[in-house]
Amino acid sequence: MKSTFVLLGVLALILVSGYLEGLYVKSKFGYFEENLAKIIEKTDQKQDDSENLRQLLEWWKGEKLIMHAFVPHNEIKDIDGMMVKAGQFINEGFFVLASAELKKLHDMVKALPENYSFSFGNIF
Amino acid sequence: MLLIFIRTIIIFAILFLVIRLMGKRQIGEMQPFEFVITLLIAELACIPMADLSIPIGFGIISILTLFVMHQVLTIGEKSSVLIGRLISSKPSIIIDSNGINFKELKRLNISINELQENLRIAGYSNFDEIEYALLETNGKFSFLKKQPEEGEKKPPKTPLPVCIVEEGKYKEWELEKLGFDKEFFENLFREHGAKSLKDIEVATIDNNGKVYFQKKNSKYVVVETGYAGRRPW
């Protein structure tokens, strides 16, 4: 009886934490993607939005510490570098290069939660 | 996390099926599902420990999933005989009152030599000393000793049998080494209704000259011949 309770407890822990983890990763990357899209839009219009990009980078640095618990570290290690590079391009007026770098990052940020979401394709 | 959970269950189920198909002998002292868990758990613990790029949670979830699987199978095994048989199989009777069950032996991929070896490990020397032999679900052999009949003589010395015929063929090397004549055995088998050597599934002879043999689909026969060959051992 005791072991059945432990079993049900562990099973509930796995399922609930798995569900919450899915929601957490999706919401954080959703926020990231949304803000990145706004910066890309401005960059495409050759507007300097490096301040928002800097703020997004700061936000990401804080989130990354928690995200390491849910996503393999190699998958997210390049995000900071890409943001810094895009910021540098904006500061020097290379908006086309900055936009290309940000779009690459946008695709990556969009794909990451999908890669770890609970779906048939990901199971197999 | 849920992905790891499902993937671990799938890998566990496949490994479990393969181990069950491989038969009991691969298992050692464990039930099949315990063996599968032992195979998996070491790797699961090592990978996140050594690879810093993998979140430790991946290892923890996999290990907890194995714990869940273990508990589910243990409860299932206890809850019904049918489920218990599906999970852990059932003991196989290898020797019964008619002798060795060759169909079962073949199904389990066990040779006569292996059976003899386990018989010796268990402290017996001849097949006819055994009433029943079972291969338990954990891969271990159990031998149930035959009760001696009243007035039965004890053998003069500790019997040490050697296998001379297996699956209708002589073990030439044993015959040569101990100086046995094939003719002696052929006459003996013929006297007991064997048309040819192919009818004999197994035959052993010990150092007291006691011959144990079993024809296909027949009960075993034990004959005290006193035959010792040209090089008694």
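Solvent-accessible surface, computed for protein heavy atoms with a probe of 1.4 Å, shrinks by 20 Å² or more for the following residues of the range B:39-88 when the other protein chains are added to the isolated chain: B:LEU52, B:SER53, B:PRO55, B:PHE58, B:ILE61, B:LEU64, B:PHE67, B:VAL68, B:GLN71, B:ILE75.
So, R0 is 25 Å and r is the distance between the beta-carbons of A:GLN88 and A:LEU23; what FRET efficiency does that work out to, to 0.05? After rounding, the FRET efficiency stands at 0.15. Springs join every pair of Cα atoms under 10 Å in this Gaussian network model of chain B, and among B:ALA194, B:ALA203, B:ALA45 the largest mean-square fluctuation is at B:ALA45.
Comparing B:LEU17, B:LEU175, B:LEU52 in a Gaussian network model of chain B (Cα springs below 10 Å), the most mobile by mean-square fluctuation is B:LEU52. Ellipticity at 222 nm from helices only: DSSP H runs of n ≥ 4 in chain A, each -39500 (n - 2.57), divided by the residue count, give -28000 deg cm²/dmol. Using a probe radius of 1.4 angstrom, the carbon and sulfur fraction of the accessible surface of the protein assembly as shown is 59%. For chain B, the mean residue ellipticity at 222 nm estimated from helices alone is -14500 deg cm²/dmol, where every DSSP H run of n ≥ 4 contributes -39500 (n - 2.57) and the total is divided by all residues, rounded to the nearest 500. Listed by chain and number, the lysines placed with their C-alpha closer than 24 angstrom to that of A:LYS61 are A:LYS26, A:LYS28, A:LYS38, A:LYS42, A:LYS77, A:LYS85, A:LYS103, A:LYS104, A:LYS110; residues fewer than eight positions away on the same chain are left out. Couplings 3J(HN,Hα) of the range A:55-66, computed from phi: 5, 5, 5, 4, 4, 4, 4, x, 5, 4, 4, 7 Hz, in residue order, whole Hz [Karplus 6.51 cos²θ - 1.76 cosθ + 1.60, θ = phi - 60°; x for Gly and Pro]. Interface A-B: total buried accessible area of about 2000 Å², 1.4 Å probe, protein heavy atoms only. Prolate is the label for chain A. Its Cα gyration tensor axes, ordered a ≥ b ≥ c, give a/c of at least 1.5 and a/b above b/c. Assuming charge only on the beta carbon of Lys and Arg (+1) and of Asp and Glu (-1), the dipole of the protein assembly as shown about its Cα centre is about 960 debye to the nearest 20. Under 5 Å from the amide H of B:LYS210 lie the amide H atoms of B:THR225, B:GLY226, each residue being 5 or more positions distant or on a separate chain, with H modelled from the backbone and absent for Pro and chain starts.
Per residue, the accessible area of the protein assembly as shown comes to 57 Å² when a 1.4 Å probe rolls over the protein heavy atoms. Going by a ≥ b ≥ c, the root eigenvalues of the Cα gyration tensor, does chain B fall in the rounded group (a/c under 1.5), the prolate group (a/b larger than b/c) or the oblate group? The shape class here is prolate.
In the range A:45-93, which residues give up 20 Å² or more of accessible area once the other protein chains are added, compared with their chain alone (1.4 Å probe)? Buried by 20 Å² or more upon assembly, which counts only protein chains, are A:ALA69, A:PHE70, A:PRO72, A:HIS73, A:ASN74. The alpha-carbon positions of the protein assembly as shown define a convex hull whose volume is 208 Å³ per residue.
Measuring heavy-atom accessible area with a 1.4 angstrom probe and counting protein chains only, the residues of the range A:102-124 that give up at least 20 Å² relative to the chain alone are A:TYR116, A:PHE118, A:ASN122, A:ILE123, A:PHE124. Computed over chain A with a Gaussian network model linking Cα atoms closer than 10 Å, the most mobile of A:GLY62, A:GLY87, A:GLY30 is A:GLY62.
Residue ranking by accessible heavy-atom surface, 1.4 Å probe, largest first, among B:THR225, A:THR43 comes out as B:THR225, A:THR43.
The values are calculated or read from the model by the stated rules, or taken from the named source; none is laboratory data. Nothing here was measured: the structure is a model prediction, and the numbers come from that model. In this analysis, Cβ positions are derived from the backbone assuming ideal geometry, glycine residues included, and neighbour counts consider all displayed protein chains. Remember, those area values only see protein heavy atoms, side chains included, never the ligands or the DNA or RNA. Shrake-Rupley method; radii C 1.70, N 1.55, O 1.52, S 1.80 Å.
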